[in-house]
Amino acid sequence: MQYAFILGRVYTLSIAELIEVLQSHDITFKILIVSIEVLIIETEVQIDHEKLQRELGGIIKIAKIIDFIKKREQDSINFALQNYFKPSKLKKDYFKDYTGKKQFGLSIYLLDQTVKAFGEPRRLGMFIKKGLQDEGASIRACLPEYNSLALASVVVTKNLLLQKGAEIIVIAGIDRVYVGKTLIVQDFEDYGRRDYQRPIRDEKQGMIPPKVAQIMINFTQAKKGSTLLDPFCGIGTMVQEAVLLGYKMDGSDIAKFAINGSEKNLEWFKNRYKIPAGKWKLEVADARKISEVFKGEKFAAIATEGSLGPIYGSLPKPALMEQNFAELTDIWLDTFKEFKKILEKGARVVVCFPAYKLNDQDYMFFPAVDQILELGYSIHDHFPEAVKKIAPFLKVTERNSMIYDRKDQVVAREIVTFINN
């Protein structure tokens, strides 16, 4: 069986998370091909796509691959598929579970960015629609805007494409075209609810998005049901996402107002998602003395975002960046020493450090990582060598960390996964 995973905007994180989650489910898989938009795997078992999609913060859609068609480099996508989408084929593989008026969507994703695809979704979509109409079918097509190649998950959801028809996925390369059917899309409404409907938000301090928190928790590879720790829990985003993923989690923060906010948010979260009691514990605590607060406890992993320092609208001078890093260095070194007292051996610590965005490609990174390694940690590389060979476009730093940022951000998040040796 072959499955396609449509990657999020920060595709390096999406690929790393997918590999970790598939491994945690003991799914044996082979990566057939990967691009900045999509990753296709082959596996002998049928995957639980609904469960996987709920767990994956970095995956936009999961599709089942139905066919593979060879293509000449000079051929357009439409030309390569001109004899494929016959009405009988569509009814059998895409619409057999639906009766009455059908509707379908069409999205094209590229394996190589040099493939010419402008206008192809509309041409191909109208070709499919006409063929079905000629066979007497009542059909509605939902196609991307003319300057776009794919439908967003919000469009798929709001048009009920998976309930009343299908979204056809076309994945095109220079010499091949995969075609498939979307099985599920990311629940954008629920992520928005968990982010924006909570009673307490603190945009002045910067808040980690729930999707990024979910990715970081998946990076821990901790056994479900075990207890994790967030020693800089703020308003509780990491705690709520860990609980949704099937963990218990303790959270602490030096600021009492942050813990108060976290308590209010988690009360809302408990009621909204019907979470049983005892899934988390919160404490006001200095992370540099965390072992005194959670005396005698051993945690399976730590996932946290500490302070990223001041928020800037433009790049500060180098001296100010160095000063901000210096203020964080002692805190992190003392905190990592404390982690040694409360972590199981081999456990992972997934953290965000500030990284100043100098330009589109370069960053100034937190310099104290080498000192952290001297305390008895190593950095985990999320990508096997075989993946690096077929995905040379991965954006991984020299120290095997990954960057999450937005175009307008000055202070990015550098996500690093440490192992307690």
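The values are calculated or read from the model by the stated rules, or taken from the named source; none is laboratory data. Model, not experiment: these values are computed from the prediction. Backbone-built Cβ (ideal geometry, glycine too); neighbour counts: all protein chains shown.
If you go through the stretch 322-379 and keep only what is assigned to a loop (DSSP other than H, G, I, E, B), of a type in the set (A, V, I, L, M) and surrounded by 14 or more Cβ atoms within 10 Å (Cβ to Cβ), you end up with Ala368, Leu375. Residues in the stretch 344-393 that are in contact with a Phe, Trp or Tyr (Cβ under 9 Å, 6 or more places away or on another chain), touching a residue at least 60 places away in the same chain (Cβ under 8 Å) and among the hydrophobic types (A, V, I, L, M, F, W, C): 8 in all.
Among the residues examined, Lys340 qualifies as farther than 22 Å from Gly236 by Cβ, at pLDDT 95 or above and of a type outside the set (Asp, Glu). Here the strands (runs of 3 or more DSSP E) wholly within the stretch 1-113 that include at least 3 residues being surrounded by fewer than 21 Cβ atoms within 10 Å (Cβ to Cβ) are 29-34, 59-70.
Among the candidates Leu90, Leu56, single out the residue that is in contact with a helix residue (DSSP H, G or I) (Cβ under 9 Å, 6 or more places away or on another chain) and within 30 Å of Thr417 (Cβ to Cβ).
Details: Leu90 fails: within 30 Å of Thr417 (Cβ to Cβ).
Only one candidate qualifies: Leu56.
Counting only strands (runs of 3 or more DSSP E) that sit wholly inside the stretch 120-194, not one has at least 3 residues that are buried (at least 16 other Cβ atoms within 10 Å of the Cβ), polar (S, T, N, Q) and assigned by TED's automatic domain parsing to the domain that holds Ile66.
Going residue by residue through the stretch 242-249, is there one that turns out to be part of a strand (DSSP E or B), closer than 22 Å to Ala285 by Cβ, modelled with pLDDT of 95 or more and hydroxyl-bearing (Ser, Thr, Tyr)?
Taking the stretch 242-249 first, the residues part of a strand (DSSP E or B) are 248-249.
Adding the requirement that they be closer than 22 Å to Ala285 by Cβ leaves 248-249.
With modelled with pLDDT of 95 or more added as a condition, the list becomes 248-249.
Still in the running and hydroxyl-bearing (Ser, Thr, Tyr): none.
No, every residue in the stretch 242-249 fails to be part of a strand (DSSP E or B), closer than 22 Å to Ala285 by Cβ, modelled with pLDDT of 95 or more and hydroxyl-bearing (Ser, Thr, Tyr).
Results for (1) in a strand (DSSP E or B); (2) in the same structural domain as Lys357 (by TED's automatic domain parsing); (3) not aromatic (Phe, Trp, Tyr), shown as yes or no for each residue.
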position	(1), (2), (3)
Ser252	yes, yes, yes
Phe269	no, yes, no
Lys281	yes, yes, yes
Arg288	no, yes, yes
Gly296	no, yes, yes
Thr304	yes, yes, yes
Leu315	no, yes, yes
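Within the stretch 292-318, being modelled with pLDDT of 95 or more and among the small types (Gly, Ala, Ser) holds for Ala300, Ala301, Ala303. The single condition among (1) farther than 24 Å from Pro210 by Cβ; (2) exposed (fewer than 15 other Cβ atoms within 10 Å of the Cβ); (3) out of contact with any strand residue (DSSP E or B) (no Cβ under 6 Å at 6 or more places or on another chain) that Pro276 does not meet is (1).
Pairs please, first residue from the stretch 277-302 and farther than 16 Å from Phe339 by Cα, second anywhere and among the acidic types (Asp, Glu), Cβ atoms under 7 Å, 6+ apart in sequence or on different chains. From residues that are farther than 16 Å from Phe339 by Cα, the pairs are Trp280/Asp250; Lys281/Asp250; Leu282/Glu263; Val284/Asp253.
Looking at Leu229 and the list (1) under 19 Å from the mean Cα position of the chain (by Cα); (2) buried (at least 24 other Cβ atoms within 10 Å of the Cβ); (3) aliphatic (A, V, I, L, M), which single condition is not satisfied? Status for Leu229: all satisfied but (1).
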